[in-house]
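Below is one structure, written out as structure tokens; the observations come after it.
The values are calculated or read from the model by the stated rules, or taken from the named source; none is laboratory data. Because the structure is predicted, anything quoted here is derived from the model rather than measured. Because the Cβ atoms are built from the backbone with ideal geometry, glycine has one as well, and the counts that use them run over all protein chains shown. For accessibility, only protein heavy atoms count, side chains too; no ligands or nucleic acids. Shrake-Rupley method; radii C 1.70, N 1.55, O 1.52, S 1.80 Å.
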Amino acid sequence: MTSPDIQKDIVNSCAKEMVKAIIKDLNGDFFGILVDESKDVSHKEQMSLVLRYVNKEGELIERFLGLVHVKAHCIHCFAHQLQLTLVAVAKKRHDVNNFFDILANILNVFGGSYKRREMLRDDQAEKLDELLVLGEVHTGSGLNQELGLQRPGDTRWGSHFKTLHNFISLFSSIVHILGVLANEDSNYQEKALAKSLVEDIRSYEFVCILHLMLKLLAITYDSNMALQKKDQDIVSAMKLVDFTKRQLQTMRESKWNSLIEDVSSFCDKNGIVIPKMDEKYALGKSKRKSSTVTYSHHLYVEVFCAAIDLQLSELNGCFSEVNISLLLGMASLSPGDSFANYYKNKIMKLATYYPNEFTASKLEDLSYELDNYIDYVREMDNAFSNLKGLGDLSKTLVKTNIHKTWGLVYLLVKLNLILLVATATVERAFLQ
């Protein structure tokens with residue numbers, strides 16, 4: 001125990017024995033490892049590992065390997081990549097990055113004090129009573145629920161959307177409470193911060209970016225939810241991703257005027273000064289410093305178009321042609337609805353991404369196998385009629401001994417069962 005060299009030998013020996021045990025259980029077959037990370041209570045990065053492989057019975061096996069404190073390079077699942085497009089925009093655009101900094105400061109002001117949260121709730125309730133009296137809102141089950149502010153997480157779409165949505169709904173209450181703090185807080189620094197934040201959020205540019213980011217997040221909602229399902233409908237998910245791209249493009253081409261109308265209406269309602277769009281854009285809070293472009297050019301070109309273009313660029317990067325081909329190829333193998341999504345060309349394309357397993361000659365053999373295989377499973381054997389996913393297909397192929405007849409098809413099924421696509425499985429390790 002006092003010798004570092006001996007300790008390293010023991011650790012290496014344990015690692016080798018562990019590898020031998022895993023390989024024996026895998027029987028030398030293919031396997032995949034899913035990785036996710038999270039911080040523990042001491043803010044140290046912890047890594048969760050899940051081992052995936054197909055056993056001799058054709059059943060997909062997942063082994064949780066526990067939490068390990070290590071440094072590693074990880075690839076985000078597709079659902080996280082979709083959400084991280086927002087983070088990419090925030091980092092690459094100064095205006096958007098500054099917007100989220102202001103938002104974070106406000107969340108800190110309210111989140112760090114129970115008294116301030118109570119003030120926000122009381123002001124919200126008071127305004128609701130006034131609207132009820134005026135008849136502008138109605139009572140009923142599920143209506144007029146109390147709203148709150150929560151800190152968004154980089155890889156959680158819902159948290160960002162809820163925060164921005166609630167921020168708009170609570171805007172007047174937030175301004176009011178910050179104004180009270182700016183005048184009455186006993187701490188000079190807190191008073192100065194509150195005053196500065198009021199000026200920040202009551203700017204036309206802040207309100208414009210607030211509404212823009214909310215609309216961008218709303219567009220990506222359906223795609224994000226589809227990619228996070230445990231039993232994913234991959235075809236539908238990919239259609240939604242493609243739809244998201246088209247929606248973003250449509251927004252860029254024709255939704256600028258409607259955004260400005262929403263922003264102007266919000267500003268009128270909350271007494272926020274609307275700048276003249278043909279005037280020179282003022283840099284920062286100083287009215288003396290101006291840029292060479294107008295407000296209209298800055299907000300449309302440098303904020304609106306730039307943010308959407310970055311979203312599209314990140315989406316195209318995350319969901320590349322290879323990624324989409326992999327997913328659609330998997331969907332084409334699926335036995336759901338009597339192999340309704342079967343598409344031979346997509347399956348063949350999928351096989352080309354495994355050049356070590358599918359050489360040119362084996363690809364030719366696979367093509368012949370697929371023709372006979374699809375006729376058999378659709379017409380010749382009732383065992384394949386009610387299968388739901390690749391997991392069911394794999395087990396049935398082994399159970400009926402067909403995996404030996406069409407070995408290349410079964411190999412492709414196995415490879416795709418362990419393919420590291422979007423899945424929430426590994427995240428559940430942190431909830432154990």
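Do we find that residue 338 is surrounded by fewer than 19 Cβ atoms within 10 Å (Cβ to Cβ), under 24 Å from residue 57 (Cβ atoms) and modelled with pLDDT under 90 in this structure?
Yes: the conditions hold for residue 338.
May I ask you to list the residues in the range 395-420 that are polar (S, T, N, Q), open to solvent by 60 Å² or more (accessible area, probe 1.4 Å) and either in contact with a strand residue (DSSP E or B) (Cβ under 6 Å, 6 or more places away or on another chain) or assigned to a loop (DSSP other than H, G, I, E, B) (or both)?
401
Scan the range 315-331 for residues that are in contact (Cβ under 8 Å) with a residue 40 or more places away in the chain and among the polar types (S, T, N, Q) and jot them down.
Hits for the range 315-331 are 316, 323.
Please work out if residue 365 is open to solvent by 70 Å² or more (accessible area, probe 1.4 Å), over 16 Å from residue 407 (Cβ atoms) and more than 31 Å from the chain's Cα centre (by Cα).
no
Please indicate, with yes or no, whether at least one residue in the range 312-331 is open to solvent by less than 20 Å² (accessible area, probe 1.4 Å), part of a loop (DSSP other than H, G, I, E, B) and closer than 28 Å to residue 378 by Cα.
No, because not a single residue in the range 312-331 is open to solvent by less than 20 Å² (accessible area, probe 1.4 Å), part of a loop (DSSP other than H, G, I, E, B) and closer than 28 Å to residue 378 by Cα.
Could you figure out which of (1) open to solvent by 70 Å² or more (accessible area, probe 1.4 Å); (2) at pLDDT below 55; (3) of a type outside the set (S, T, N, Q); (4) within 22 Å of residue 272 (Cα to Cα) isn't true of residue 176?
The number of the failed condition is (2).
Here's a check for you: in the range 27-64, which residue that is open to solvent by 80 Å² or more (accessible area, probe 1.4 Å), farther than 25 Å from residue 408 by Cβ and over 20 Å from the mean Cα position of the chain (by Cα) is modelled with the lowest pLDDT?
Once the filter is applied, the top-ranked residue is 41.
Hey, can you tell me all the residues within the range 376-394 that are part of a helix (DSSP H, G or I) and either aromatic (Phe, Trp, Tyr) or more than 34 Å from the chain's Cα centre (by Cα) (or both)?
376, 377, 378, 379, 380, 382, 383, 384
Of all residues in the range 182-198, which are open to solvent by less than 100 Å² (accessible area, probe 1.4 Å) and of a type outside the set (S, T, N, Q)?
Once the filter is applied, which keeps residues that are open to solvent by less than 100 Å² (accessible area, probe 1.4 Å) and of a type outside the set (S, T, N, Q), the range 182-198 yields 182, 185, 190, 191, 192, 193, 194, 197, 198.
So, in the range 332-374, exactly how many residues are in contact (Cβ under 8 Å) with a residue 12 or more places away in the chain, under 18 Å from residue 396 (Cβ atoms) and in a loop (DSSP other than H, G, I, E, B)?
4
Every residue in the range 344-370 that is of a type in the set (Phe, Trp, Tyr) and closer than 14 Å to residue 409 by Cβ, please.
Of the range 344-370, the ones of a type in the set (Phe, Trp, Tyr) are 353-354, 358, 368.
Once the filter is applied, which keeps residues that are of a type in the set (Phe, Trp, Tyr) and closer than 14 Å to residue 409 by Cβ, the range 344-370 yields 354, 358, 368.
What is the residue count in the range 262-279 for residues that are surrounded by 11 or more Cβ atoms within 10 Å (Cβ to Cβ) and not polar (S, T, N, Q)?
Result for the range 262-279: 9.
Taking the criterion of being of a type in the set (S, T, N, Q), in a helix (DSSP H, G or I) and under 30 Å from residue 378 (Cβ atoms), would at least one residue in the range 277-298 satisfy it?
Among the residues of the range 277-298, not one is of a type in the set (S, T, N, Q), in a helix (DSSP H, G or I) and under 30 Å from residue 378 (Cβ atoms), which makes the answer no.
Which members of the range 240-250 meet the condition of being over 10 Å from residue 324 (Cα atoms) and modelled with pLDDT under 80?
Matches in the range 240-250: 240 only.
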